[in-house]
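Please read the structure below before turning to the comments.
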Amino acid sequence: MSETFPIQSGLTRLLRNYTHLLKGRSIGIITNQTGVDEQLRDNVSLLAEHSQIKALFSPEHGLTGTAQAGVQISSGQKQLIPVYSLYGQTKQPTEDMLEGLDLLVFDIQDVGARFYTYTWTMYRAMKSAEECGLDFMVLDRPNPIGSRVAGNVSETNFLSFVGQHPIPMQHGMTIGELAQLFNSECNLDIDLKVISMQTNEARKKIFEQADWLWVPPSPNIPNRRTTQLYVGTCLIEGTNLSEGRGTTKPFEWIGAPWLDGQWLATAFNKLDLLGMKARPIQFEPIFSKYKGKVCNGIQLHLTNTNLEGKCCSISATLHLLNLVKHQYPDEFQFHDTFFDRLVGSDKLRNTIEEGISVDDLIEDWRQQSLGFQQHCRPYLIY
C-alpha cells in the first residue's frame, strides 16, 4: 500500500533497504506517537523484528504525545522496554540510560520551527551518543512548513532549550539535514547515518502532498495549517496575550480579556499582508492563560497555503505584537526572559517597547535568512 504515497519516510526506507544496519545491534529509539510508517504502523513493533530494542526515549509531551507543553514527564515502560523521559529530570540520555546500547535511532516528526523542542532533544542525544561512544541514526521525515527560510538566526547569548544552536526561526531543513549540520558545526565525533526519504518531488514540494498522513506531534499542533502559523505565533507565548492554548484553534486564535478584537482585526488587515487575514472573535480557554475568561481577539486565516509563497507568519506576528503594544501600552506585557529566548535575541522586544517600527528589523531578519540559506547548503539532502 505504501507505494501509493509520493514520499517514503526514512523509517520505510530503513525497513525496505537497510535492515542490515540493525542486525546484531542493541538499540535505543528516541520517538513518540509520530514514529509510524505510511500505513501508521509504529516503529517500535517494526524495528523489533530486526534488532534488539533495549530502551525507548521520549521527548516533550511524552511517548504518546498527550502531555501539555512544559509538563515534566516521568519514565516508564512499553512492551516491557524501559521508557526514559528526556523532558523530566534530565533532557538528554545519561550514561546509565545508554548502558548496553551501541546505536541510538531518532524517529520523530518535527514542525520546522527553531523553538520546537524535538530538534533539541535530538541535538542533546547526539552529544550523549558522542560521550558514550554510540552510533547515531536519524530516520528522516518531511518539514511540514517547507524549505522556506525566515526569521532571525538566534544569538549566542540567548541560546536555550528552545534554541541551542544558531539557526533561523524557520530553518527550512528536515530533521536529518539538521542532524548533519549539528554533527559538523558542533564537531561531534559520532558515526551519524541519516536514512533519507525517497521522493521524486522537487525540494520545495516535498511536504505539499495531500496524501501524506499527518500525525499530530503534540497536543496543540493538530494539523499542518497550525504549523504554518505556529512558526510565528508561538512568540505570543512570551507575552500576556493568549495564543489560543486551551481552545480548538491554538496559535490561530489570539486575544485577551482587555483587547478589542474588532479594532485589532481592522488594524491588522490594513497592513495588507500577503496570504493572511484576520477576523474578530471571542473565545474562552479551558486551560492555560485566561482559563475560564472570555477573550476578545482575532483568528488568523491563511489565504494562500503555498508553503513557498510570500505569506510569512513570523513577519505577521511582529506586526501584530507591535500593534497591540502601541494600542495597549499598559495592559500588554512581555515575559522578558522567556520571550527573548523564543526570539533568540532581545532586539525585537526592545524595538517594540521603544515604539520603533518593526520594518527595519524584518528586513534585517530577511538578510539573516538569506545568509543561512547559503550557509546550510552543504547539509541539504533533497
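The values are calculated or read from the model by the stated rules, or taken from the named source; none is laboratory data. Just so it is clear, the structure is predicted and the values come from calculations on it, not from any experiment. We place every Cβ from the backbone using ideal geometry, glycine too, and count neighbours over all the protein chains shown.
When 62, 151 are checked against the criterion of being in contact with a Cys (Cβ under 9 Å, 6 or more places away or on another chain), small (Gly, Ala, Ser) and not assigned by TED's automatic domain parsing to the domain that holds residue 289, 151 stands alone in meeting it. Scanning region 105-126 for residues that are among the small types (Gly, Ala, Ser) and either closer than 21 Å to residue 54 by Cα or over 13 Å from the mean Cα position of the chain (by Cα) (or both) gives a single hit, 125. Residues that are in a loop (DSSP other than H, G, I, E, B) and crowded, with 17+ Cβ neighbours inside 10 Å within region 162-187 comprise 162, 164, 165, 166, 167, 171, 172, 173, 174, listed in sequence order.
Does region 290-312 include one or more residues that are at pLDDT 95 or above and basic (Lys, Arg)? So far as region 290-312 goes, yes, one or more of its residues are at pLDDT 95 or above and basic (Lys, Arg).
Could you check how many residues of region 1-41 are in contact with a strand residue (DSSP E or B) (Cβ under 6 Å, 6 or more places away or on another chain), within 17 Å of residue 214 (Cα to Cα) and either surrounded by fewer than 19 Cβ atoms within 10 Å (Cβ to Cβ) or hydrophobic (A, V, I, L, M, F, W, C) (or both)? So the answer is 3.
If you check 125, 150 for being within 23 Å of residue 371 (Cα to Cα) and either in contact with a Lys or Arg (Cβ under 9 Å, 6 or more places away or on another chain) or small (Gly, Ala, Ser) (or both), only one passes: 150.
Scanning region 109-161 for residues that are hydroxyl-bearing (Ser, Thr, Tyr), over 24 Å from residue 203 (Cα atoms), assigned to a helix (DSSP H, G or I) and touching a residue at least 40 places away in the same chain (Cβ under 8 Å) returns a single hit, 121. So for region 34-54 (the condition being within 17 Å of residue 97 (Cβ to Cβ) and of a type in the set (Gly, Ala, Ser)), does at least one residue qualify? No, every residue in region 34-54 fails to be within 17 Å of residue 97 (Cβ to Cβ) and of a type in the set (Gly, Ala, Ser).
A count restricted to region 219-249 and to residues that are out of contact with any Phe, Trp or Tyr (no Cβ under 8 Å at 6 or more places or on another chain) and not in a helix (DSSP H, G or I) stands at 3. Taking the conditions (1) surrounded by fewer than 21 Cβ atoms within 10 Å (Cβ to Cβ); (2) under 30 Å from residue 349 (Cβ atoms); (3) of a type in the set (D, E, K, R); (4) in contact with a helix residue (DSSP H, G or I) (Cβ under 9 Å, 6 or more places away or on another chain) in turn, residue 193 satisfies each one other than (2).
Mind checking whether some residue in region 265-286 is part of a loop (DSSP other than H, G, I, E, B), surrounded by 20 or more Cβ atoms within 10 Å (Cβ to Cβ) and either modelled with pLDDT of 95 or more or charged (D, E, K, R) (or both)? Within region 265-286, one or more residues are part of a loop (DSSP other than H, G, I, E, B), surrounded by 20 or more Cβ atoms within 10 Å (Cβ to Cβ) and either modelled with pLDDT of 95 or more or charged (D, E, K, R) (or both).
Can we say residue 328 is of a type in the set (Ser, Thr, Tyr), in contact (Cβ under 8 Å) with a residue 60 or more places away in the chain and surrounded by fewer than 24 Cβ atoms within 10 Å (Cβ to Cβ)? Yes: the conditions hold for residue 328.
Of these, 57, 106, which one is out of contact with any Leu (no Cβ under 6 Å at 6 or more places or on another chain), within 27 Å of residue 181 (Cα to Cα), aromatic (Phe, Trp, Tyr) and not in a loop (DSSP other than H, G, I, E, B)? Going through 57, 106 in turn, just one is out of contact with any Leu (no Cβ under 6 Å at 6 or more places or on another chain), within 27 Å of residue 181 (Cα to Cα), aromatic (Phe, Trp, Tyr) and not in a loop (DSSP other than H, G, I, E, B): 106. Restricting to region 224-261, name every residue that is closer than 13 Å to residue 314 by Cα and of a type in the set (A, V, I, L, M). Once the filter is applied, which keeps residues that are closer than 13 Å to residue 314 by Cα and of a type in the set (A, V, I, L, M), region 224-261 yields 229, 231, 235, 236.
Being more than 19 Å from residue 224 (Cβ to Cβ), touching a Lys or Arg at 6+ places or on another chain (Cβ under 8 Å) and polar (S, T, N, Q) is the requirement here; does residue 180 meet it? So residue 180 fails the test.
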